[in-house]
Each structure stands twice: as structure tokens, then as C-alpha cells.
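Read the structure below first, then the notes.
The values are calculated or read from the model by the stated rules, or taken from the named source; none is laboratory data. Note that the coordinates shown come from a computational prediction; the quantities given were computed from them, not determined experimentally. FYI the Cβ positions are ideal-geometry reconstructions off the backbone, even for glycines, and counts take in every protein chain you see.
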Amino acid sequence: MADTILFLAHVEDGTLAKPALEALGAAVDLRAGLGATLVVGLVGPDAARAASLVGGCGATRWLVVDDPACAEGRYATDAAAAEAVARAAGATLVVAPGTSRWMRVLPGVAHRLGGRADTHLTALDVRDGQLVATRWYYRQRIEAVQSRTGRPWVLVVDPGGHAPWAGATADVTTEAIAVQVPADHVRTRVVGTEAPSAGADTIRPDASLLFVAGAGWTKKQPDGQTHAAEAEALILDFLARSGASLGGSKSLVDLSGEGQAVLRFMTHLNQVGQTGSTPRHPKGLSTCCHGEEPHVVGWRFVNERRAISLDPNCGWARGKADVLYVADAFAVMAKVNARLGERP
């Protein structure tokens, strides 16, 4: 029996974010590879309008949950909506983006459906007529390619692992799915959203360059003194001029708990590798990092890796970087910022 693939996404302001379009691209490729039927399921206000934005994806049905109760992320309502859409679709495969909203909900939904869920998937493929999913284990050191015979199978795809779907818009006929959630099950109330002010945001997933700072920025320099304030100014100036995203080594983000000088804008959200994020940027520049394996593993999906270090024998010099600059990061970044300032 042919599979029915449900592409499941939540709608934000009547549109689909890039991670959702990436998951849709993976679902469309699976439909072609498996000869399956594709159903689109959207949750959130203006879901019907968002459906028309991906109307040319080749789906046969469009299921929407346009309930105002699903406007905000909440486990009770999100899980009920996802379950209702999956049952209405008769889905054997559910493909969804790995957003924080779905990551905390879909494993539980898979249990309700009597199926299985796999998260943090980096690729979906068809081999010998069978769906296989790729993900990394043990802090990104082991790549596993796995398949399942049990259905339904919920597949949550990490952002950045697939090209976004980019097809034509088209008017579609949607089917409204009713969701019933008992009032006593809704115990969470969303009162607002707090976000950093403009310019304070240093995590930019779509940036072409990832700039990673290591603990060396806060250590004593050749004059025997620390220069954390100067380091902050150099790094923030570079981020503002280049539009790069900021990452940090574990040793740097841990300094705040050790009573040492820290970069005030650096948090654990910026951590790359060794239980931190595994970013996907075309290029990466590591500065004042020791280059140990856990940090380098976090760069696995960065295509071109460069590093600045005064130590020619550091980990980066032993084949872990494509290009190594043996120089003082303070002096180099000051020169880089000056050159960027000369651009029109």
C-alpha cells in the first residue's frame, strides 16, 4: 500500500517560515521517490491563506486548523491539532520542521497515534524503494542512516538540512479540521513575547558567515592585561559591519560561572559544539579558540572553515581548518573592521 505523506507546519502571521519550507521540500522529494500521496496540514490563524502560498507543491488535500486557540505555542492545543490533522489525513508518514514548537509536541503525538518519532533528522532519502532517515548521534560524531517498518512514522527535520521548497502559488480548497480540547487541559496562558532589541540579536541562522569567539579573547594579552572591553567592541563592530552570526566555544560561555572576565553579549545560546548547536553556514571564522575536537565537531556542516590563532601548533593547525592565520586576533580583526568600514 502506498504511503500517505503529511507535511505538518504551524503558521506564523499567515506565512510559512524557512524551516517549514525546507521540510516541505523534503516531503515533496519523498512523494516523488516513494510514489506516495502528499497532504498538507497547517495549524494556526490564516492557515487557509498560507495554504495558497504553497499551492503548487502537488498535494492532493489541504487540511487546516484555523482555531485562534492554536495561535500560540501550547502543548495541549498543538498536540490536539497535530493529532487531529494526522488522523484526518490517514498519514503513514508525517514530515515536520524541527522548530521548538513541534519538537516538544510531536513525539507525544506519535505515541497517541500508535507510531514512532525521530527528531533532529538531517536528511531524508529513498533507497531501494525504502525511506531512510539520517541523523547524528553522540554529539555529532556518529552518522546513522536508519529506517522503520512501523507506521505512522513522524519525521522531524532539522533546519538547514534541505533546500527550501520554491514553487508557484495557487488557489486551493481547504478542509477545516475541528479540534476539541477540554478547558481543564489548557493550563498555559501566553501573556506576551520578549525579544532582544534590534541590533542586540547575534544569532543569525541565515548569515553567510559564522564568527566563533574562543576564551582567548578574555585571557591576558602580551602586555599582561585582559582587554575584554576592547574584545567586545571589536567583535560587535565586526558583527554589525559583516552581518555575521556569532558563536562561542564552550570554554568561553562557561567563564561566567568561574568569576572571570566575560563577553557580556555571549550566552549559552551562542555555544557551538560539545552539547551546543551544530550550525550550517557557508563559511566560518574561528578566533582565539583552542580547536579541540568537540568544538570542531560542532562545525561539521560549515563548508569553509578558517581560524586565527597565535599558536601554529594548536588544534586548528593540524588539519581541522581549511585556512589558518597565525596572527593576533585583536590586530587582525581591527584591520578587518577598518577594511569593512571603507566599503561603500
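Tell me the residue from V145, V64 that is modelled with pLDDT of 95 or more, in contact with a Leu (Cβ under 8 Å, 6 or more places away or on another chain) and not assigned by TED's automatic domain parsing to the domain that holds T275, please.
V64
All but one of (1) farther than 22 Å from P159 by Cα; (2) crowded, with 17+ Cβ neighbours inside 10 Å; (3) at pLDDT 95 or above hold for L93; which doesn't?
It fails just one condition, (1).
For every residue, the table says whether it meets (1) within 14 Å of A176 (Cβ to Cβ); (2) outside any strand (DSSP E or B); (3) touching a helix residue (DSSP H, G or I) at 6+ places or on another chain (Cβ under 6 Å); (4) among the basic types (K, R).
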{"position": "G25", "(1), (2), (3), (4)": "no, yes, no, no"}
{"position": "A51", "(1), (2), (3), (4)": "yes, yes, no, no"}
{"position": "G73", "(1), (2), (3), (4)": "no, yes, yes, no"}
{"position": "A80", "(1), (2), (3), (4)": "no, yes, no, no"}
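Out of (1) in a strand (DSSP E or B); (2) free of Cβ contacts under 8 Å to residues at least 12 places away in the same chain, the odd one out for A96 is which?
Among (1) in a strand (DSSP E or B); (2) free of Cβ contacts under 8 Å to residues at least 12 places away in the same chain, A96 violates only (2).
When segment 321-344 is examined, which residues are found to be at pLDDT below 90, closer than 22 Å to T218 by Cβ and part of a loop (DSSP other than H, G, I, E, B)?
The answer is A321, and nothing else.
I'd like the full set of residues that are more than 15 Å from W62 (Cα to Cα) and of a type in the set (D, E, K, R), limited to segment 1-46.
Passing the criteria: D3, E12, D13, K18, E22, D29, R31.
Any residue that is farther than 30 Å from P344 by Cα, in contact (Cβ under 8 Å) with a residue 40 or more places away in the chain and not in a helix (DSSP H, G or I) - is there at least one of those in segment 195-203?
no
Please go through segment 104-121 and give me each residue that is aliphatic (A, V, I, L, M) and either more than 16 Å from A23 (Cβ to Cβ) or touching a strand residue (DSSP E or B) at 6+ places or on another chain (Cβ under 6 Å) (or both), ordered by number.
Within segment 104-121, L106, A110, L113, A117, L121 qualify.
Regarding segment 209-217, can at least one residue be identified that is farther than 22 Å from H281 by Cα and among the aromatic types (F, W, Y)?
Yes, some residue in segment 209-217 is farther than 22 Å from H281 by Cα and among the aromatic types (F, W, Y).
Picking from R305, R241, R264, which residue would you name as being in contact with a helix residue (DSSP H, G or I) (Cβ under 6 Å, 6 or more places away or on another chain) and either surrounded by fewer than 22 Cβ atoms within 10 Å (Cβ to Cβ) or free of Cβ contacts under 8 Å to residues at least 12 places away in the same chain (or both)?
R241
Is there any pair linking a residue in segment 75-86 that is crowded, with 23+ Cβ neighbours inside 10 Å to one that is of a type outside the set (A, V, I, L, M, F, W, C), with Cβ under 6 Å and at least six apart or on different chains, and which?
As it stands, the answer is V85/G41, since those pairs meet every condition given.
Kindly check whether there is at least one residue in segment 158-172 that is touching a His at 6+ places or on another chain (Cβ under 9 Å), surrounded by 11 or more Cβ atoms within 10 Å (Cβ to Cβ) and of a type in the set (F, W, Y).
no
Within segment 96-145, how many residues are loosely packed, with under 12 Cβ neighbours inside 10 Å and more than 21 Å from the chain's Cα centre (by Cα)?
Result for segment 96-145: 4.
Being out of contact with any helix residue (DSSP H, G or I) (no Cβ under 7 Å at 6 or more places or on another chain) and surrounded by 15 or more Cβ atoms within 10 Å (Cβ to Cβ) is the filter here; which residues of segment 206-215 pass it?
The answer is A207, L210, V212.
So in segment 1-23, with the set limited to residues that are part of a loop (DSSP other than H, G, I, E, B) and over 18 Å from the mean Cα position of the chain (by Cα), which one is surrounded by the fewest Cβ atoms within 10 Å (Cβ to Cβ)?
This residue is M1.
Just to be sure I understand the filter: pairs with C-beta atoms under 9 Å, separated by 6 or more residues or on different chains, first member in segment 2-28 and under 17 Å from W153 (Cβ atoms), second member of a type in the set (D, E, K, R). Which pairs pass?
The qualifying pairs are D3/R31; D3/R151; I5/R31.
Of the residues in segment 99-143, how many are farther than 18 Å from V39 by Cβ, assigned to a helix (DSSP H, G or I) and either without any contact (Cβ under 8 Å) to a residue 24 or more places away in the chain or of a type in the set (F, W, Y) (or both)?
Number of matching residues: 1.
How many residues does segment 39-58 contain that are farther than 30 Å from G192 by Cα and surrounded by fewer than 24 Cβ atoms within 10 Å (Cβ to Cβ)?
Summing the residues that are farther than 30 Å from G192 by Cα and surrounded by fewer than 24 Cβ atoms within 10 Å (Cβ to Cβ) in segment 39-58 gives 4.
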